[in-house]
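Asks: Got a structure for you, questions after.
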Amino acid sequence: MTSVQQQPTQQRPAPHPDRTDVLIVGAGPAGLTLACDLARRGVDALLVERAGALFPGSRGKGLQPRTQEVLDDLGVLTAVRAHGAPYPRMLSWQDGERQGEWDLVDRSLPDPTVPHPDVWMIPQWRTQELLHTRLLELGGRVSFGTALTGLDQYPDRVEATLTGPDGIGRTVSARYLVASDGGRSTVRRAVGITMAGEEVDPRPALVADVGIDGLDRGNWHVWPHGPGGPLLLCPLPGTADFQLFAQFAPDETPDTSPDGVRRVIAARTHLDASAVGEVRWASDFRPRAALAERFRAGRVFLVGDAAHIHSPAGGQGLNTSVQDAYNLGWKLGQVLRHGAPEELLDSYEAERLPIAADVLELSTRLHRAGGVQDGGLRRGPRTEQLGLGYEHGPLTVEARSGLAEEALRAGERAPDAPLDAPQEAGPGAAGTRLFDVFQGPQVTVLAVGHELPDVPAGVRAHRVDDGVTAEAYGCGLFVIRPDGYLGLATHDPADLPGYLARLGLRRS
């Protein structure tokens, strides 16, 4: 095995107070992910958040296997694993008696190509806190209490009016603007992108983070037949709290006050209101699915909830949002820092809109098929997002012929694999797995059963001839995109220069 590193040091240009390469509006999971990715690429980005602090609730608490791989690449996963836990087994209650347990999620067998095979539970506020910490480490920051209050587009820039906590507005000029400002996106409305949606469930729901005394933390507790509707209490790892989820009749309005939360728990469970401690956060909503008609308008892009809104069933919303940002980040980096043609940015909508539509269909179907009785809302392999890819995307080139039906193809996720011996995987780092080799902002060329080709600066090249890698990939030359998908698969080294040039990578 041979590893060649040609990776120039990337330095961010000194920021101008009223000018930036990328303006990101909204410091949720998608906005923070994008800001981290751009910071490590040396792209000057300004991240603004209307609220005075990060989102305080547990709402999106499940990180799917594919999202864990993204967070590993960004340098966040070790902290995520330290503050989270596997999903607990569900436990049903009736009349104060335990009725039985079941798994909400499938438990996976060990697989050398999938390092994190199971969904991981961690409160959303903690995930955002860890991403924020990572952003600060990378030299970025969030401007809290700063709202976008105006927006104009020009052929070469976007000019945005930002109003800070002092009420004073200023104009910021950016090459590109990314809306990660949620389902009620100010940016989406400002650029005239419509969002088509439907009500998934007529019943409103209450979600809250609460302290509970007298309830064990080894299970996710379910009262499926409580008076007034079902109620669930899930222990939140790394905290002393539980997440409450309760559904109500269509004509009811959930009471989100602390006393209202206590009353609903006392009414539907065997717990007294006195067992409910502090209510740290509470919100009500009606499950809805919606998809923006476009993910781009000129120099403005939509990511996360600004582009798609999900039912909580299946744990897809936060995960799809993070992966939107991960898809867009490397493309912005290649255009802004490596001179890639701007047409590369057109692939963002072409790749992510079909994925979002597919995931929306899945989460809506899971919700409507659900219920919280034994086995209800069970999540299978499709929710893990490992099988999602870009086989029909504009950046996918499969140049090999005669492949077996089960063969790995261009456009699919690049699998992990152990390396027989530690290999240089980056500056000062020794890798023991393929994902160590792939980690970082660069493009990687993987040669399996081929001579290692010459590659431009900014491309990492690595050769493997046998083992799990050869079994998983087959023989070929593979361009691994910075987001961990196979862009080009070929046997001919002559195919590499043209493909890499599309990504702004040319030999000098």
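The values are calculated or read from the model by the stated rules, or taken from the named source; none is laboratory data. None of the values given here were measured: they were computed from a predicted structure. Glycine also receives a Cβ, built like all others from the backbone with ideal geometry; neighbour counts cover every protein chain displayed.
Asks: Looking at segment 206-230, which of its residues are part of a strand (DSSP E or B) and either modelled with pLDDT under 95 or within 17 Å of Arg98 (Cα to Cα) (or both)? Before you say what the answer is, go through the steps one by one.
Replies: Here is the first cut: in segment 206-230, the ones part of a strand (DSSP E or B) are 206-212, 219-223.
Answer for segment 206-230, where residues must be part of a strand (DSSP E or B) and either modelled with pLDDT under 95 or within 17 Å of Arg98 (Cα to Cα) (or both): Asn219, Trp220, His221, Val222, Trp223.
Asks: Now, a different point. Can you tell me which of Asp209, Asp213 is assigned by TED's automatic domain parsing to the domain that holds Gly260, within 25 Å of Leu271 (Cβ to Cβ), surrounded by fewer than 14 Cβ atoms within 10 Å (Cβ to Cβ) and touching a helix residue (DSSP H, G or I) at 6+ places or on another chain (Cβ under 9 Å)? Working first, answer last.
Replies: Numbers: Asp209 fails: surrounded by fewer than 14 Cβ atoms within 10 Å (Cβ to Cβ).
Only one candidate qualifies: Asp213.
Asks: Let me ask something else. Among the residues of segment 325-366, how many are touching a Ser or Thr at 6+ places or on another chain (Cβ under 8 Å) and among the hydrophobic types (A, V, I, L, M, F, W, C)?
Replies: Residues of segment 325-366 that are touching a Ser or Thr at 6+ places or on another chain (Cβ under 8 Å), as a first pass: 325-326, 329, 331, 355-356, 359, 362-364, 366.
Of the ones still in play, those that are also among the hydrophobic types (A, V, I, L, M, F, W, C) are 325, 355-356, 359, 362, 366.
Going through segment 325-366 one residue at a time, the tally reaches 6.
Asks: Suppose the filter is of a type in the set (A, V, I, L, M) and not in a strand (DSSP E or B); does Ala266 pass it?
Replies: Values: of a type in the set (A, V, I, L, M): yes; not in a strand (DSSP E or B): yes.
Criteria met by Ala266.
Asks: If I ask for residues that are closer than 17 Å to Ser321 by Cβ and part of a loop (DSSP other than H, G, I, E, B), which ones from segment 168-188 would you list?
Replies: Ser180, Asp181, Gly182, Gly183, Arg184, Ser185
Asks: Also, quick follow-up: Out of everything in segment 311-362 that is out of contact with any strand residue (DSSP E or B) (no Cβ under 7 Å at 6 or more places or on another chain) and among the hydroxyl-bearing types (Ser, Thr, Tyr), what residue ends up being surrounded by the fewest Cβ atoms within 10 Å (Cβ to Cβ)?
Replies: The residue in question is Ser347.
Asks: Quick one: Trp223 ticks every box in (1) of a type outside the set (A, V, I, L, M); (2) in contact with a strand residue (DSSP E or B) (Cβ under 6 Å, 6 or more places away or on another chain); (3) surrounded by fewer than 20 Cβ atoms within 10 Å (Cβ to Cβ) except a single one, so which number is it?
Replies: Checking Trp223 against (1) of a type outside the set (A, V, I, L, M); (2) in contact with a strand residue (DSSP E or B) (Cβ under 6 Å, 6 or more places away or on another chain); (3) surrounded by fewer than 20 Cβ atoms within 10 Å (Cβ to Cβ), the one that fails is (3).
Asks: Something else about it: Which residue out of Leu291, Leu271, Leu302, Leu336 is within 18 Å of Pro29 (Cβ to Cβ), among the aliphatic types (A, V, I, L, M) and in contact (Cβ under 8 Å) with a residue 24 or more places away in the chain? Spell out the reasoning first.
Replies: On the way: Leu291 fails: within 18 Å of Pro29 (Cβ to Cβ); Leu271 fails: within 18 Å of Pro29 (Cβ to Cβ); Leu336 fails: within 18 Å of Pro29 (Cβ to Cβ).
Matching residue, one of Leu291, Leu271, Leu302, Leu336: Leu302.
Asks: Inspect all residues belonging to segment 464-477 and state whether any of them is in contact with a Lys or Arg (Cβ under 7 Å, 6 or more places away or on another chain), small (Gly, Ala, Ser) and buried (at least 17 other Cβ atoms within 10 Å of the Cβ).
Replies: Keep residues of segment 464-477 that are in contact with a Lys or Arg (Cβ under 7 Å, 6 or more places away or on another chain), which gives 476.
Restricting the remaining residues to those that are small (Gly, Ala, Ser) gives 476.
Filter once more, so that each one left must be buried (at least 17 other Cβ atoms within 10 Å of the Cβ): 476.
Within segment 464-477, one or more residues are in contact with a Lys or Arg (Cβ under 7 Å, 6 or more places away or on another chain), small (Gly, Ala, Ser) and buried (at least 17 other Cβ atoms within 10 Å of the Cβ).
Asks: Looking only at strands (runs of 3 or more DSSP E) that fall completely inside segment 416-474, which ones have 1 or more residues that are at pLDDT 95 or above and either in contact with a Ser or Thr (Cβ under 9 Å, 6 or more places away or on another chain) or of a type in the set (Phe, Trp, Tyr) (or both)?
Replies: It comes to 418-426, 443-448, 459-464.
Asks: Any residue at all in segment 168-175 that is more than 20 Å from Ala53 (Cβ to Cβ) and hydroxyl-bearing (Ser, Thr, Tyr)?
Replies: yes
Asks: Looking at Gly140, Gly183 in this structure, which one is touching a residue at least 24 places away in the same chain (Cβ under 8 Å), within 23 Å of Val359 (Cβ to Cβ) and assigned by TED's automatic domain parsing to the domain that holds Gln334?
Replies: Details: Gly140 fails: within 23 Å of Val359 (Cβ to Cβ).
None of the others qualify; the one that does is Gly183.
Asks: Taking segment 237-256 as the search range and keeping residues that are hydrophobic (A, V, I, L, M, F, W, C) and in contact with a Lys or Arg (Cβ under 9 Å, 6 or more places away or on another chain), which one is surrounded by the most Cβ atoms within 10 Å (Cβ to Cβ)?
Replies: Residues of segment 237-256 hydrophobic (A, V, I, L, M, F, W, C): 240, 242, 244-246, 248-249.
Narrowing further to those that are in contact with a Lys or Arg (Cβ under 9 Å, 6 or more places away or on another chain): 240, 242, 246, 248-249.
Numbers: Ala240: 12, Phe242: 24, Ala246: 26, Phe248: 19, Ala249: 10.
Filtering segment 237-256 for residues that are hydrophobic (A, V, I, L, M, F, W, C) and in contact with a Lys or Arg (Cβ under 9 Å, 6 or more places away or on another chain), the one surrounded by the most Cβ atoms within 10 Å (Cβ to Cβ) comes out as Ala246.
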